[in-house]
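A short worksheet on the structure shown next.
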Amino acid sequence: MVGLRSSSSEMDLDRPNIEEYLTTDSIEESPKKLHLRDLLDISPTLTEAAGAIVDDSFTRCFKSNPPEPWNWNVYLFPLWCLGVIIRYGILFPLRVAVLTAGWLVFFAAFIPAHFLLTAHNKWRRKIERKLVEMICSVFVASWTGVVKYHGPRPSMRPQQVFVANHTSMIDFIILEQMTAFAVIMQKHPGWVGFIQKTILEGVGCIWFNRTESKDREVVARKLREHIQGADNNPLLIFPEGTCVNNHYTVMFKKGAFELGCAVCPVAIKYNKIFVDAFWNSKKQSFTMHLFHLMTSWAVVCDVWYLEPQYIRPGETPIEFAERVRDMISVRAGLRKVPWDGYLKYFRPSPKLTERKQQIFAESVLQRLEEK
Amino acid sequence: MGNASSMLTQYDIEEVQEHCNYLISQQEIVSLYQRFCQLDRNAKGFISADEFLSIPEFALNPLSQKLLKMVDGLNFKDFVAFLSTFSSKASLEQKIELLFKVYDIDSKGKVTFKDLLEVLRDLTGSFMSEEQREKVLSQVLEEAGYSRNCSLLLEDFVKILGKPGLKIEVEVPVD
């Protein structure tokens, strides 16, 4: 569902019924004769608008609740100060050192492998895979990541994709340290983009661009090609399309669910006890986000690898996507909201407003007939 | 989270409460302030039209453009005052006055046939033709004793909508 781009008609047929989630208009059930007051009384519409201003289920998905301050006490405050000193003065430099050492080892092995061996050399791919897993483990160690994995580890075979809920770019790092996934990502600027280009090309990455309208078909084709190859790394997709605050899930894009292969859901839940891992990309750059993580005590999370799902006969890709989203939300304790994550960047489709207008217009015309 | 805007002091809360005639409780004001800061992304002190439209539920409301004219650029005090009309404690007159202001968008003090048409157009879109809208409006106006050419004043609105009253209530969620 996109606002500014031209919307394709297929999305209307497959959409889940959003009206079930939104507040219903208070249209009288039994048609009565139309009076002036019925046309003047716009209170239901006004109430909905004001309700949305005061609180709405979409913005809630991206709100990072600040933790309760616990340092409000005469003896807790010095403890907290001590904590700050340890975190910034001792832990952070240590972690930076670990990270730097990790990168040096990585490059020492990666550069020779990358340039000396040809692109399709089996050994090169094996080495690059192991190296990427290693550098991700180093990253996780640099925030003192405590990750508990549940369920069977992903295996490397064709005709499968992995889908997971998305809270921050570190989701990728946490999953990557266990298995070298290929991933589909938005191209980022800066040093992240550099890493994407050079290193992740080795594990196999597909790029997309949110703002390109023709992009979808190109990406769909690349996805299909990737899952055919038996030698390719398993593909990881974040169908939400954007980072959400780990309390809610927004609607899954159906791209991953219409490839005709197994979909393996992965649920990720962060424990906010030591740090809130949500990356609010509008408020923070990724570097600041990493800095925030590296100056906290630990990143604690659970990862569940769930049972692979197949599309059922008679199920549309959108229904399949919702079913998998259900599984992931239940497993990770997240609430579902019926919004498209891209609404962060685009306006809602005018079709939704038109639907409301249609309901009201039909009711007025119907009541006009009543004498 | 930490926004650049200053935290609310007790004085600020009381000032805002007075400005909205004590229709909003102090806790609700704190809650609304959090919401205001969340919507006002670069801590300008007011919420721009674009930021209101980034709320999908608001953007797809048929009357969003009319309401935007009323809320665009409001500072926090006026923002709360605007929302206070939606409190359950607000009087019926205040709510009817809000409705009147939505129709009388250019604040002439009276609502003309053209204003009524405009709101009806927002509410029905392309699902009713302009003639149908004019016909419906003329018909119900006549039946209520008004002609097409006369404008409605606030007293007329009160008379038409006064009984059995309006239900416009929004609750402010308080953590």
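What does the average come to when, for each residue of peptide B:158-165, you count the partner chain Cβ atoms lying within 10 Å of its Cβ? Kindly include the intermediate steps, with their values, before the conclusion.
Details: counts 0, 1, 6, 5, 1, 1, 1, 1.
Other-chain Cβ atoms within 10 Å of each residue's Cβ, averaged: 2.
How tilted is helix A:215-228 with respect to the longest principal axis of chain A? Cα atoms for both, answer in degrees (0 to 90, nearest 10).
On a 0 to 90 degree scale, this one is about 50.
With axes computed from alpha carbons, what is the tilt in degrees of helix A:317-332 against the longest principal axis of chain A, rounded to the nearest 10 within 0 to 90?
60 degrees
Below 8 Å, C-alpha to C-alpha, sequence gap of six or more: please give me the relative contact order for the range B:49-175 in percent.
Values: 89 pairs, mean separation 38.1, N = 127.
Result for the range B:49-175 is 30 percent.
Name the residues of the range B:125-145 whose accessible area, probed at 1.4 Å, falls by at least 30 Å² once all protein chains are in place instead of their chain on its own?
Residues of the range B:125-145 that lose at least 30 Å² of accessible area once the other chains are added: B:Phe127, B:Met128, B:Val136, B:Gln139, B:Val140, B:Glu143.
Whole-Hz ³J(HN,Hα) for each residue in the range A:235-249, computed from phi via Karplus 6.51 cos²θ - 1.76 cosθ + 1.60 with θ = phi - 60°, x for glycine and proline: what do you get?
Per-residue couplings from phi come out as 8, 10, 10, 9, x, 5, x, 7, 7, 10, 7, 6, 10, 10, 10 Hz.
Using a basic spin-label model with each label point 7 Å from the Cα along Cα→Cβ, how many nm lie between A:Arg153 and A:Trp297?
Between A:Arg153 and A:Trp297, the label points sit 3.0 nm apart.
Mind checking how much accessible area A and B bury in total, 1.4 Å probe, in Å² rounded to 100?
Accessible area lost upon association: around 4900 Å².
Suppose all protein chains stay in the model; what accessible area per residue would a 1.4 Å probe give for chain A, in Å²? Please list the in-between numbers first.
On the way: 17820 Å² over 371 residues.
Each residue of chain A exposes 48 Å² on average to a 1.4 Å probe.
Got a sec to turn the phi values of the range A:98-103 into Karplus ³J(HN,Hα) couplings, 6.51 cos²θ - 1.76 cosθ + 1.60 with θ = phi - 60°, whole Hz, x for Gly and Pro?
Residue by residue, the range A:98-103 yields 4, 4, 4, 4, x, 4 Hz.
Counting only protein heavy atoms, probe 1.4 Å: which residues of the range A:328-365 lose 30 Å² or more of accessible surface in the full assembly compared with their chain by itself?
Listed by number, the residues meeting the 30 Å² cut-off are A:Trp339, A:Arg347, A:Pro348, A:Thr353, A:Lys356, A:Gln357, A:Gln358, A:Phe360, A:Ala361, A:Leu365.
Using θ = phi - 60° and the Karplus curve 6.51 cos²θ - 1.76 cosθ + 1.60, what whole-Hz ³J(HN,Hα) does each residue of the range A:173-184 get, with Gly and Pro shown as x?
My calculation for the range A:173-184 gives 5, 5, 6, 5, 5, 8, 9, 7, 7, 8, 9, 10 Hz in order.
List the residues whose amide H sits under 5 Å from the amide H of A:Thr249, counting only those 5 or more places along or on another chain, with H placed 1.01 Å from N in the peptide plane.
For A:Thr249, the qualifying residues are A:Arg335, A:Lys336, A:Val337.
Give the long-range amide H neighbours of A:Val163: residues separated by 5 or more places, or on another chain, with amide H under 5 Å away, using H modelled in the peptide plane at 1.01 Å from N.
A:Ile237, A:Cys264, A:Val266
So, with a 1.4 angstrom probe, what is the percent of accessible area on the range A:76-344 that is carbon and sulfur?
Details: 7870 of 12070 Å².
The value for the range A:76-344 is 65 percent carbon and sulfur by accessible area.
By DSSP, what percent of the beta bridges with both residues in the range A:76-344 are antiparallel, rounded to the nearest 5?
Details: 7 of 30 bridges.
DSSP beta bridges in the range A:76-344 are roughly 25 percent antiparallel.
Give the angle, between 0 and 90 degrees and rounded to the nearest 10, that separates the Cα long axis of helix A:76-85 from the longest principal axis of the Cα atoms of chain A.
Long axis of A:76-85 versus the principal axis of chain A: about 60 degrees.
For the range A:76-344, just say rounded, prolate or oblate: build the C-alpha gyration tensor, square-root its eigenvalues into a ≥ b ≥ c, call rounded for a/c under 1.5, and beyond that prolate if a/b exceeds b/c, oblate if not.
Values: a/c = 1.82, a/b = 1.20, b/c = 1.51.
Note, shape of the range A:76-344 comes out oblate.
Obtain the nm distance between the two label points defined at B:Lys135 and A:Lys187 by a simple spin-label model: each point lies 7 Å from its Cα along the Cα-to-C-beta direction.
For the pair B:Lys135/A:Lys187, the computed spacing is 5.6 nm.
Leaving out ligands and nucleic acids, and using a 1.4 Å probe, what accessible area per residue does chain B come to in Å²? Present the calculation step by step, with values, prior to reporting the outcome.
Working: 8680 Å² over 175 residues.
Solvent-accessible surface per residue comes out at 50 Å².
What aspartates and glutamates sit close enough to A:Lys282 to cross-link, taking a C-alpha to C-alpha distance under 14 Å and skipping anything fewer than 8 places away on the same chain?
Once the sequence-local aspartates and glutamates are set aside, what remains near A:Lys282 is B:Asp40, B:Glu51.
Ignoring the sites themselves, what is the longest stretch of chain A with no GluC sites (Glu not before Pro) in a DSSP loop and at most 14 other beta-carbon atoms within 10 Å? Present the calculation step by step, with values, prior to reporting the outcome.
Values: sites that count: A:Glu28, A:Glu29, A:Glu212, A:Glu315, A:Glu370.
The longest such stretch corresponds to A:30-211.
With the cut-off at 20 Å, tell me which of the pairs A:Lys253/A:Lys283; B:Lys95/B:Lys163; A:Lys197/A:Lys222; A:Lys197/A:Lys253; A:Lys63/A:Lys344; A:Lys351/B:Lys135 have Cα atoms farther apart than that.
Working: A:Lys253/A:Lys283 24 Å; B:Lys95/B:Lys163 13 Å; A:Lys197/A:Lys222 17 Å; A:Lys197/A:Lys253 25 Å; A:Lys63/A:Lys344 12 Å; A:Lys351/B:Lys135 26 Å.
A:Lys253/A:Lys283; A:Lys197/A:Lys253; A:Lys351/B:Lys135, as the Cα separations exceed 20 Å there.
The values are calculated or read from the model by the stated rules, or taken from the named source; none is laboratory data. Just so we're clear, the structure is a prediction, and the values are computed from it rather than from any experiment. Methodologically, a virtual Cβ is constructed for each residue, glycine included, from the backbone with ideal geometry; neighbour enumeration extends over all protein chains shown. The accessibility values were calculated without ligands, DNA or RNA, using every heavy atom of the protein model including side chains. Shrake-Rupley method; radii C 1.70, N 1.55, O 1.52, S 1.80 Å.
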